[in-house]
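Heads up, the thing below is written out as structure tokens.
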Amino acid sequence: MKKIGLFFGSFNPIHIGHLILANYILENSDMDELWFVVSPQNPFKEKKSLLKDHNRLDMVQLAVKNYPKMRASNVEFSLPTPSYTIDTLTYLQEKHPEFSFSLIMGEDNLNGLHKWKNSDVLIKNHHIIVYPRVFDGEKQDSEYLQHENISMIKAPVIELSATEIRNMIKEGKNVRPMLPPEVFEYLDGSSFYK
């Protein structure tokens, strides 16, 4: 059975931190592919600074085109919004019974996992790979890390945020080193985030 890792996010924009992390997970796990699932709307985030869905998908497709084990997914574009991870996973499992899907999430999301829709079903039916994050607030030893379906991966901690990149673009600062070259070219000369 083909093992697919699902990396959900708004990718507003996708940056080199996302690619470094995705590549690390692919190279240090038994995953066959990693899909960047571009979310139309995260139930926990405001939509006002979000670039149009197709623009964010375009950037992810450009970013992963030279990585044969990575792909962009627009699966959530046709599902009801806001997007709930459990609904997307259920839909994908029905559409692709030949694949085994794992969820990739940051350590900061693990502490709030109990707030997610049907989180108990999510944990019971899917493997969750957790990568380390620097985040505000108290770092807790989550009881979730004791669960057999949840594993922590010692990926590099990348302190790079899409919010910071958007703010730098707005201020006219150089963000070239933070973005895949194709994504930089896509944004350069556009009015996105200005």
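The values are calculated or read from the model by the stated rules, or taken from the named source; none is laboratory data. Here the structure is a predicted model, which is why all the values come from computation and not from measurement. Cβ atoms come from the backbone with ideal geometry, glycine included; neighbour counts cover every protein chain shown. Heavy atoms of the whole protein, side chains included, go into the accessibility calculation; ligands, DNA and RNA do not. Shrake-Rupley method; radii C 1.70, N 1.55, O 1.52, S 1.80 Å.
For ILE150, only one of the following conditions fails: (1) over 16 Å from the mean Cα position of the chain (by Cα); (2) within 24 Å of PHE184 (Cβ to Cβ). What is its number? Among (1) over 16 Å from the mean Cα position of the chain (by Cα); (2) within 24 Å of PHE184 (Cβ to Cβ), ILE150 violates only (2).
Within the range 28-67, if we keep just the residues that are at pLDDT below 95 and charged (D, E, K, R), the residue that is nearest to SER100 (Cα to Cα) turns out to be ASP30. Pairing each residue of the range 22-34 that is charged (D, E, K, R) with any residue that is open to solvent by less than 10 Å² (accessible area, probe 1.4 Å), provided the two are 6+ apart or on different chains, yields C-beta distances under 7 Å for ASP32/ILE4; GLU33/ILE4.
Looking across the range 136-157 at every residue that is modelled with pLDDT of 85 or more, of a type in the set (A, V, I, L, M, F, W, C) and not in a loop (DSSP other than H, G, I, E, B), the one that is least open to solvent (accessible area, probe 1.4 Å) is identified as ILE150. From the set of residues in the range 118-135 that are closer than 22 Å to GLU94 by Cβ and assigned to a loop (DSSP other than H, G, I, E, B), which is modelled with the lowest pLDDT? Looking at residues that are closer than 22 Å to GLU94 by Cβ and assigned to a loop (DSSP other than H, G, I, E, B), I get HIS126. Taking the range 110-130 as the range and being touching a residue at least 40 places away in the same chain (Cβ under 8 Å) and within 14 Å of GLN146 (Cβ to Cβ) as the test, only LEU110 passes. If you go through the range 174-192 and keep only what is outside any helix (DSSP H, G or I) and either among the aliphatic types (A, V, I, L, M) or exposed (fewer than 12 other Cβ atoms within 10 Å of the Cβ) (or both), you end up with ASN174, VAL175, LEU179, GLY189, SER191.
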